[in-house]
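Take a look at the structure set out below.
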Amino acid sequence: MRRGFKAACLGLLLLSGTARLNAAVVKDAHVAAELLTDAVTVEPGGTFWAAVRLVMDPGWHTYWKNPGDSGLATSVEWNLPPGFESAGELRWPAPRGFEDGAGMSYGYSGETFLLMPVRVPDTLPATPITLSAEVRWLACQEVCLPGRARLETTLPADAAARAMVEEAHRRLPLTGSGWKISMSDAPGRIVLRLDPPARDRETRGVRFLPEDPSVARHSGTQFFRKDQDGFYELSVPKADSRAPAPNVLKGLLIAKDGWEGPDSSAALEINLTAQSQS
Amino acid sequence: MKNIQIAFTVASFLAATVSAFAEAEVGRPAPAFSLADVDGQTHTLAEHAGKHVVLEWTNYECPFVKKHYESGNMQKLQEAYTAKGVVWLSVNSSAPGKQGNFTPEEWKKRSAEWKSKASAILLDPDGQTGKDYGAKTTPHVFVVNPQGTLVYQGAIDDKPGTDPAEIQGARNHVQAALDESMAGNPVTEASTKSYGCSVKY
């Protein structure tokens, strides 16, 4: 199944919103929110995915972790059952761009899922096992409205919830690929070097969406070139042109084609330090 | 301009320069302007040479602006600093028909309801001054020193959000910039990323 953006968005919109027994949908400020998990069985010592599902009314959008020129990132405050802990960071799908007279923002229209891995303790608490989350967002169309919802779900999940969460997880940006990505410093710019996994692997174009706007500017021209030695370079403007090299650069590299071939995601998360490779 | 969804294509990537306008640069002369206020009186930057000037982009319908006005936070700043001789100009760059574009009568009514303590409210419906400064959000604040140099641009404080409860613990960048500049010192955080609703050009 193709994992280009258009296909991903269409696919998610086709997932039916069948009623689920153990999750309630909360509607506020043009967004319907619910909390789901894929924990059909709750295994002591295991992990599962918890997902905040947001369905925006037509014409409205919510924001990515870096909202861009305006807007506000969605925030999730988790309340996990006793002994349960987060097993990693909140994971965001690749956003789309929303442009108006004032600039470019990043976020989601239609439907999106924010996912977090959760670790189950070795000893389960008494049933019912309930997860809750306080979610706040800004929904914008031409105007903006803040929204919030207190969401709850009990474990175990049903099969329909698991299907949705697992599909949402499959569509997340890649966290690794065969490509070697590194960064170097240049006056006013950060240069990303992309080495393909094999000589015949190519990319037709790449753009970087920074997670931290104080490090790199999302607006401004990014220069992309292929070196005759087969690697690629993408140069991105620093937020402050006089700043030194950043210690950390996190964000998404969005390519025209899948990073690992035609049926893979076109979005790759990178987390680079000055000396490391991703 | 309508909200345009952009799926990332190679064409938009490789050519992308999404900034449609210049941005005023901290450390350089602030852009000149000549704008009418809600009483029809014209204001220019030049007429306030010798004073600190604050330009506060606003849109009374935006939840981020409401956060600072319904809590009284913005008015408190306006009152405190105009008392010290600062000229505080609220500016609205909403295009006709867009959110936040009011008639002068509506402006006077609403600013009286909110007890705005701005020196004047300037109307920039064609957006030219907003674009000259690079105003992207409401609020978005610019501070100009008595010599006409831009010494601060960016967010009002360091807690992006719409909840008034965030104001208490936040660093107010505008207050800090004014205090530092008025004491003759360099502004330590001179340029921050503004937060708010987009300006409705």
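Condition first: aromatic (Phe, Trp, Tyr) and under 23 Å from residue B:45 (Cβ atoms). Now tell me which residues in region B:90-133 satisfy that.
Answer for region B:90-133, where residues must be aromatic (Phe, Trp, Tyr) and under 23 Å from residue B:45 (Cβ atoms): B:107, B:133.
Can you name the residue in region B:82-119 that is crowded, with 17+ Cβ neighbours inside 10 Å and among the aliphatic types (A, V, I, L, M) and, of all such residues, is farthest from residue A:144 (Cα to Cα)?
B:86
Restricting to region B:123-151, give me the number of residues that are assigned to a strand (DSSP E or B) and either under 11 Å from the mean Cα position of the chain (by Cα) or free of Cβ contacts under 8 Å to residues at least 40 places away in the same chain (or both). Give the steps one after another, and end with the answer.
Going residue by residue through region B:123-151, those that are assigned to a strand (DSSP E or B) are B:123, B:137-138, B:140-144, B:149-151.
Within this subset, residues satisfying the condition of being either under 11 Å from the mean Cα position of the chain (by Cα) or free of Cβ contacts under 8 Å to residues at least 40 places away in the same chain (or both) are B:137-138, B:140-143.
Within region B:123-151, residues that are assigned to a strand (DSSP E or B) and either under 11 Å from the mean Cα position of the chain (by Cα) or free of Cβ contacts under 8 Å to residues at least 40 places away in the same chain (or both) number 6.
Among the residues of region B:182-201, which ones are more than 18 Å from the chain's Cα centre (by Cα) and hydroxyl-bearing (Ser, Thr, Tyr)?
Listed by number, the list holds a single entry, B:188.
Could you check residue A:222 against (1) open to solvent by 20 Å² or more (accessible area, probe 1.4 Å); (2) at the interface with another protein chain (Cβ under 10 Å from one of its Cβ atoms) and say which number it fails?
Condition (1) is where residue A:222 drops out.
If residue A:246 meets every condition in (1) in a strand (DSSP E or B); (2) farther than 22 Å from residue A:105 by Cβ apart from one, which number is that one?
(1)
Having 1 or more residues that are open to solvent by 40 Å² or more (accessible area, probe 1.4 Å) is the bar; report the strands (runs of 3 or more DSSP E) wholly within region A:103-178 that clear it.
Details: elements: A:103-109, A:111-119, A:129-140, A:144-155.
In region A:103-178, A:111-119, A:129-140, A:144-155 are the strands (runs of 3 or more DSSP E) which contain 1 or more residues that are open to solvent by 40 Å² or more (accessible area, probe 1.4 Å).
When you go through A:45, A:88 one by one, which is the residue that is more than 12 Å from chain B (Cβ to nearest Cβ), open to solvent by less than 40 Å² (accessible area, probe 1.4 Å), part of a loop (DSSP other than H, G, I, E, B) and of a type outside the set (D, E, K, R)?
A:88
Would you point out which residue out of B:201, B:195 is farther than 20 Å from residue A:63 by Cα and either crowded, with 20+ Cβ neighbours inside 10 Å or of a type in the set (A, V, I, L, M) (or both)?
Just a single option satisfies the conditions, and that option is B:201.
Could you list all residues from region B:177-195 that are at the interface with another protein chain (Cβ under 8 Å from one of its Cβ atoms) and over 17 Å from residue B:25 (Cα atoms)?
Selection gives B:195 alone.
I'd like to verify a number: residues in region A:179-199 that are open to solvent by less than 40 Å² (accessible area, probe 1.4 Å) and touching a Phe, Trp or Tyr at 6+ places or on another chain (Cβ under 7 Å), how many?
Of the residues in that region, 5 qualify.
Name the residue, out of A:32, A:39, that is at pLDDT 95 or above and either of a type outside the set (A, V, I, L, M, F, W, C) or surrounded by fewer than 20 Cβ atoms within 10 Å (Cβ to Cβ) (or both).
Working: A:39 fails: either of a type outside the set (A, V, I, L, M, F, W, C) or surrounded by fewer than 20 Cβ atoms within 10 Å (Cβ to Cβ) (or both).
That would be A:32, the only listed residue that is at pLDDT 95 or above and either of a type outside the set (A, V, I, L, M, F, W, C) or surrounded by fewer than 20 Cβ atoms within 10 Å (Cβ to Cβ) (or both).
Of all residues in region A:200-217 being at the interface with chain B (Cβ under 9 Å from one of its Cβ atoms) and over 15 Å from residue A:246 (Cα atoms), which is surrounded by the fewest Cβ atoms within 10 Å (Cβ to Cβ)?
A:204
Being at pLDDT 95 or above and surrounded by 14 or more Cβ atoms within 10 Å (Cβ to Cβ) is the requirement here; does residue A:239 meet it? I'd like the intermediate steps shown before the answer.
Values: at pLDDT 95 or above: no; surrounded by 14 or more Cβ atoms within 10 Å (Cβ to Cβ): yes.
Spelling it out, it is not the case that residue A:239 is at pLDDT 95 or above and surrounded by 14 or more Cβ atoms within 10 Å (Cβ to Cβ).
Give all pairs with beta carbons closer than 8 Å in which a residue from region A:66-80 that is closer than 15 Å to residue A:137 by Cα and away from chain B (no Cβ under 13 Å) meets a residue that is open to solvent by 30 Å² or more (accessible area, probe 1.4 Å) and among the polar types (S, T, N, Q); count only pairs at least 6 apart in sequence or on separate chains.
A:78/A:86
Among the candidates A:130, A:62, A:123, which residue alone is among the hydroxyl-bearing types (Ser, Thr, Tyr) and closer than 25 Å to residue B:94 by Cα?
A:62
If residue A:105 meets every condition in (1) of a type outside the set (A, V, I, L, M, F, W, C); (2) closer than 28 Å to residue A:206 by Cβ; (3) away from chain B (no Cβ under 14 Å) apart from one, which number is that one?
Failed condition: (3).
Quick one: in region B:94-122, which of the residues that are aliphatic (A, V, I, L, M) and not in a helix (DSSP H, G or I) is nearest to the other protein chains (Cβ to nearest Cβ)?
B:95
Kindly indicate whether residue A:99 is buried (at least 16 other Cβ atoms within 10 Å of the Cβ), of a type in the set (Asp, Glu) and within 14 Å of chain B (Cβ to nearest Cβ). Before you say what the answer is, go through the steps one by one.
Working: buried (at least 16 other Cβ atoms within 10 Å of the Cβ): yes; of a type in the set (Asp, Glu): yes; within 14 Å of chain B (Cβ to nearest Cβ): yes.
Yes; evaluated as a whole, the condition is true for this residue.
The values are calculated or read from the model by the stated rules, or taken from the named source; none is laboratory data. What you are looking at is a predicted structure, and each value in this text was computed from that prediction instead of being measured. Don't worry about glycine lacking a Cβ; one is built from the backbone with ideal geometry, like all the others, and counts go over all protein chains shown. Each accessible area value is taken on the protein alone, full model and side chains, heavy atoms only, with ligands, DNA and RNA left out. Shrake-Rupley method; radii C 1.70, N 1.55, O 1.52, S 1.80 Å.
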